[in-house]
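Student: Below is a structure I'd like to ask you about.
The values are calculated or read from the model by the stated rules, or taken from the named source; none is laboratory data. Source: prediction; values computed, not measured. Cβ sites come from the backbone with ideal geometry, for glycine too, and all protein chains shown count toward neighbours.
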């Protein structure tokens, strides 16, 4: 897919008749997710369409209600089985914490405390004790959901991923860490090393969602700004909607 590199990306389109809403980093903001999903549902009803939803990762941490976010996403999954749920770097670190609490205890300082509080878990004691208490309080379905997340999805002329890709590297050769963590090197990729798909991503908070032509960034820092954003892709049209 990325073996052929373009000086200029082709005009991008969704598959014929398909509208896609790609939703940025939620970070425990369940009320904002409710608002955005309501806006999407209103648009679908007004236009008599059923859209494809793509969530770009980072559902957990920082905001006040990780538990509520995952409950809502599970309800979306049940109601709309074709929905795509991608993995973010926060889900990756959280799962690493569960596997090796002592080695990954830094997670507690950059959003983990808020996740734990949403499940009624105290942050006192050794990391191993925190994991034990979380396993007692966190529904198994929530953990199964977080372990089931995809890294990438291609739909039409769009590549959906949490953070981005390493420029000039084929998709099947991308490192997981880059897909979840890359920033500057991806954002500043020269034209000759950009992929043949338009990349839709989150991960990098910005004041205003970005459509740079070859990439679209929709992380508007919901847990800090109160603004959760999605990009609506319909044929060749692109537009943003936010809370």
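Student: Tally up the residues in segment 48-75 that are in a loop (DSSP other than H, G, I, E, B) and on the phi < 0 side of the Ramachandran plot, please.
Tutor: Going through segment 48-75 one residue at a time, the tally reaches 9.
Student: Could you check, for segment 172-179, whether at least one of its residues is assigned to a loop (DSSP other than H, G, I, E, B), on the phi < 0 side of the Ramachandran plot, surrounded by 18 or more Cβ atoms within 10 Å (Cβ to Cβ) and over 12 Å from the mean Cα position of the chain (by Cα)?
Tutor: yes
Student: Can you tell me which residues in segment 7-48 are touching a helix residue (DSSP H, G or I) at 6+ places or on another chain (Cβ under 8 Å), at pLDDT below 95 and surrounded by 11 or more Cβ atoms within 10 Å (Cβ to Cβ)?
Tutor: none
Student: Filter segment 195-215 for residues that are in contact (Cβ under 8 Å) with a residue 24 or more places away in the chain and assigned to a strand (DSSP E or B) and give the result.
Tutor: Passing the criteria: 198, 199, 200, 201, 211, 215.
Student: Give the number of residues within segment 128-171 that are crowded, with 16+ Cβ neighbours inside 10 Å and at pLDDT below 95.
Tutor: 1
Student: Another question, then. Quick check on my filter: what residues within segment 182-205 are within 16 Å of residue 57 (Cβ to Cβ) and surrounded by fewer than 16 Cβ atoms within 10 Å (Cβ to Cβ)?
Tutor: 183
The rows are residues; the columns are (1) surrounded by 17 or more Cβ atoms within 10 Å (Cβ to Cβ); (2) more than 29 Å from residue 155 (Cβ to Cβ); (3) at pLDDT below 95; (4) within 20 Å of the chain's Cα centre (by Cα).
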position	(1), (2), (3), (4)
79	no, no, no, yes
90	yes, no, no, yes
97	yes, yes, no, yes
101	yes, yes, no, no
109	no, yes, yes, no
